[in-house]
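To start, I am sharing the structure in question, which I have written as structure tokens.
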Amino acid sequence: MAKTEVSELAKELCKKYPDHPARSLAKVLVKQCNNAVTLETARAMIRTCFGSFGRRYRDKATSPRKPRKPGHRIEMPKSKAEDWVPFELPISSGKLGIISDMHVPFHCEVALGSAVEHLKQEKIKCLLINGDGMDFYSISRWEKRPSKRDFMGELKECRLLLQWLRQEFPRIPIIYKLGNHEERWEKWLWEHAPEISEEPEMGFSTWLHCDKYKIDVIGDQRIIMVGNLPVLHGHELGRSVFNPVNPARGAYLRAQHTILISHHHQTSGHADTNLFHHETFVWSIGCLCELTPSYMKVNRHNHGFAVVELMKNGDFNVNNLRVLKNGKVRA
Ligand SMILES: [Zn+2]
């Protein structure tokens, strides 16, 4: 093999493995060219490509890199992983109201009205909308009835709901945790307007006027910490959590921790004790939307919401409430 051919091979190797030690690449080169050059010559060729074979040959470098000492060790690549930390509630004691799964514009006026009235009487200090407040039917991936598709109309209804909630609770913090239905917004943007999808102006908060009504939006499937009680919408736990008998038990099997979830449109509870008699409680709360949605007319859904009493030490008491057909609230 001619020396120029070996030199071409050296260039390719350096281009392919820009971070490898010159000696290792030289050994590979000798093998590749069937000993047409000695190890020393091969190393000189490799170092020429890297621009580390003396000043005279520096302009011949094809894959220049900073000179390094023998035995140089490369660094671990930088991670792009992002922090995922829970959101701490802005109150440290008092009552928190949790409503969810209104699926506006398919909300149940009686159930939602009763829940809000009850929470007002309870004098809650903070309101948590625990996901699926809006349905975003028009941008769903599922088949849609053409007569029901009116995206702008849906957005207006959703804004109206938030405006109404702010009116009913004018002075307390309102937190809006995004559920799987709100995630449709982000996914729809990624698909239809990827270039501008991550601009703040395109965000859920801006479009739904959350800033205007001073409603804090919590995305990224973050856990909401209510003292020592973690709250999730429920879809974060994955699909296998689906349990036709008891959603709370399904959630327990995934989380193995005390937790409160929504998402399943069903009031349920589960308690368990471990080897050291440490007790774990899981609650799933009911929905505030129509009970016979077009995608599943027959189901075991029920209306409900929750009041969580929070103590200064992080302790809490969950009141998992149901709303009956006539609007009466029952534990
Ligand atoms: Zn959901």
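Any read-out appearing in this document is the output of simple, stated calculations on the displayed coordinates, not a laboratory observation. Only a predicted model underlies this, so the values are computations on that prediction, with no experimental measurement involved. FYI the Cβ positions are ideal-geometry reconstructions off the backbone, even for glycines, and counts take in every protein chain you see.
What's the longest bit of the chain with no exposed chymotrypsin sites (Phe, Trp or Tyr not before Pro), using DSSP loop states and at most 10 other Cβ atoms within 10 Å as the test?
Details: sites that count: Trp84, Trp142, Phe276, Tyr295.
Counting only loop sites that pass the neighbour cut-off, the longest clear stretch is 143-275.
Could you give the length gained by full extension between Ser93 and Phe151, i.e. 0.36 nm per residue of separation minus their alpha carbon distance, to one decimal place?
Working: separation 58, 0.36 × 58 = 20.88 nm, distance 3.92 nm.
Full-extension gain reported as 17.0 nm.
Could I ask something else about it? How far is helix 3-16 tilted off the main Cα axis of the chain, in degrees rounded to 10, range 0 to 90?
Computed tilt is about 20 degrees.
Of Lys95/Lys325; Lys11/Lys69; Lys80/Lys312, which pairs sit farther than 30 Å apart, going by alpha carbon to alpha carbon? Intermediate values should be presented prior to the final figure.
Working: Lys95/Lys325 25 Å; Lys11/Lys69 21 Å; Lys80/Lys312 37 Å.
Flagged as over cut-off: Lys80/Lys312.
If contacts are Cα pairs under 8 angstrom and at least 6 residues apart, what is the relative contact order of the chain in percent?
Values: 599 pairs, mean separation 56.3, N = 331.
RCO, the chain: 17 percent.
Under 5 Å between amide hydrogens, which residues at least 5 positions from Cys126 or on another chain qualify, with H placed 1.01 Å from N in the peptide plane?
Gly97
Can you tell me what share of the DSSP beta bridges in the chain is antiparallel? A percent to the nearest 5 is fine.
Details: 24 of 45 bridges.
Antiparallel: roughly 55 percent of the beta bridges in the chain.
Could you work out how far helix 109-121 tilts from the main Cα principal axis of the chain, as a 0 to 90 degree angle to the nearest 10?
So the inclination is approximately 90 degrees.
Compute the relative contact order of the range 85-131 as a whole-number percentage, counting only Cα pairs closer than 8 Å that sit 6 or more residues apart in sequence.
Values: 36 pairs, mean separation 28.1, N = 47.
Computed over the range 85-131, the figure is 60 percent.
Quickly estimate the mean residue ellipticity at 222 nm for the chain, helices only: each DSSP H run with n ≥ 4 gives -39500 (n - 2.57), and the total goes over all residues, rounded to 500. All intermediate terms of the calculation are to be shown ahead of the outcome.
On the way: 8 runs with 91 residues, N = 331.
Estimated from H runs of four or more residues: -8500 deg cm²/dmol.
Along the Cα-to-C-beta direction of Lys69, a point sits 7 Å from the Cα; which residues of the range 21-49 have their amide N less than 20 Å from that point?
Hits in the range 21-49 for Lys69 at 20 Å: 21-24.
Enumerate cysteines in the chain without a disulfide-compatible partner, where compatibility requires another Cys Cβ under 4.7 angstrom.
So, Cys33, Cys108, Cys126, Cys158, Cys210, Cys287, Cys289.
Between His265, His72, His209, which gets the highest mean-square fluctuation from a Gaussian network model of the chain, Cα cutoff 10 Å?
Taking springs between Cα atoms under 10 Å, the residue moving most is His72.
Then there's this: Just grab the label-to-label distance for Asp216 and Ala36, each label 7 Å out from Cα along the Cβ direction, in nm (one decimal).
Roughly 6.8 nm, to one decimal.
Which value in nm describes the separation of the simple spin-label points at Tyr295 and Leu160, placed 7 Å from the Cα toward the beta carbon?
2.3 nm
Report, to the nearest 10°, how far helix 22-32 tilts away from the longest principal axis of the Cα atoms in the chain, using its own Cα long axis and a range of 0 to 90°.
Tilt relative to the chain: about 70 degrees.
Still on this structure, please answer the following. When a/c is below 1.5 the answer is rounded, else prolate if a/b is larger than b/c, else oblate, so apply that to the range 69-221 with a ≥ b ≥ c taken from the square roots of the Cα gyration tensor eigenvalues. Working shown, then result.
On the way: a/c = 2.73, a/b = 1.44, b/c = 1.90.
Judged from the Cα gyration tensor, the range 69-221 comes out oblate (a/c at least 1.5, b/c at or above a/b).
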